[in-house]
1. Look through G123, G34, G74 and report the one residue that is small (G, A, S) and more than 14 Å from the chain's Cα centre (by Cα).
2. Identify, from the list V41, V35, the residue that is β-branched (V, I, T), in a helix (DSSP H, G or I) and crowded, with 18+ Cβ neighbours inside 10 Å.
3. If only one of S56, S100 is part of a helix (DSSP H, G or I) and under 15 Å from the mean Cα position of the chain (by Cα), which one is it?
4. Just to be sure I understand the filter: pairs with C-beta atoms under 9 Å, separated by 6 or more residues or on different chains, first member in the range 1-25 and part of a helix (DSSP H, G or I), second member exposed (fewer than 10 other Cβ atoms within 10 Å of the Cβ). Which pairs pass?
5. Restricting attention to the range 81-92, and to residues there that are in a helix (DSSP H, G or I) and surrounded by fewer than 19 Cβ atoms within 10 Å (Cβ to Cβ), which single residue is modelled with the lowest pLDDT?
6. Just one of L69, L110, L87 is closer than 18 Å to V25 by Cα and aliphatic (A, V, I, L, M); which is it?
7. Considering each residue of the range 128-146, count those that are open to solvent by less than 60 Å² (accessible area, probe 1.4 Å) and over 27 Å from F94 (Cα atoms), and give that number.
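The values are calculated or read from the model by the stated rules, or taken from the named source; none is laboratory data. These numbers come from a predicted model, not from an experiment. Neighbour counts run over all protein chains shown; Cβ positions are idealised from the backbone, glycine included. Keep in mind that these areas ignore ligands, DNA and RNA; they rest on the heavy atoms of the full protein, side chains included. Shrake-Rupley method; radii C 1.70, N 1.55, O 1.52, S 1.80 Å.
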Amino acid sequence: MEKSKYQKIVKKYTPKPPILKNGVVAFIIGGIMGVLGNFLVNFYSYSFDLSSKDASVFMIITLVFLGCLLTCLGFFDKWVNFAKCGLIVPITGFAHAMMSAALEYRKEGLVTGVGANMFKLAGSVIIFGVVSAYIFGLLRIIIMGV
């Protein structure tokens, strides 16, 4: 069988993903994550008399902790199958990527397993984040001056 014919048959019988449903679910779950983040900022601001900037740091720490904890307990993967990008795009997805890589390689030891492989998935995010922050910082200095 020719390769192009085979590709046509595969394309014909491959189930189509429900793009609209996935988008709506991701939008709603992402909105809930935003509301949760805002609730945590307000909670930390009022409970501990912090500025919203300082409370935002505690909110991020809390969401990273929850993402790691839920990954370790095995719930995060199941919830991502339902919520799609609503859970992967926020900071919880970054925590999940790091924790799942660490869990996968924990049998190889702390240094050669966890330490060497923890940033396997998240390393590209960190690199592109740092490089883009550097470039945009330079552009801001050039355009707006010091």
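1. On the way: G123 fails: more than 14 Å from the chain's Cα centre (by Cα); G34 fails: more than 14 Å from the chain's Cα centre (by Cα).
From the options G123, G34, G74, the qualifying one is G74.
2. Criteria check complete, one pass: V41.
3. After applying the criteria, what remains is S100.
4. Qualifying pairs under 9 Å: I9/M1.
5. Ranking the candidates gives I88 first.
6. That would be L87, the only listed residue that is closer than 18 Å to V25 by Cα and aliphatic (A, V, I, L, M).
7. Residues of the range 128-146 that are open to solvent by less than 60 Å² (accessible area, probe 1.4 Å), as a first pass: 129, 132, 137, 145.
Among the residues that remain, those that are also over 27 Å from F94 (Cα atoms) are: 145.
Looking only at that region, the number is 1.
Let's see how each residue does on (1) in a helix (DSSP H, G or I); (2) touching a residue at least 60 places away in the same chain (Cβ under 8 Å); (3) closer than 25 Å to C72 by Cα:
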| site | (1), (2), (3) |
| --- | --- |
| G113 | yes, no, yes |
| L121 | no, no, yes |
| V131 | yes, no, no |
| Y134 | yes, no, no |
| I141 | yes, no, no |
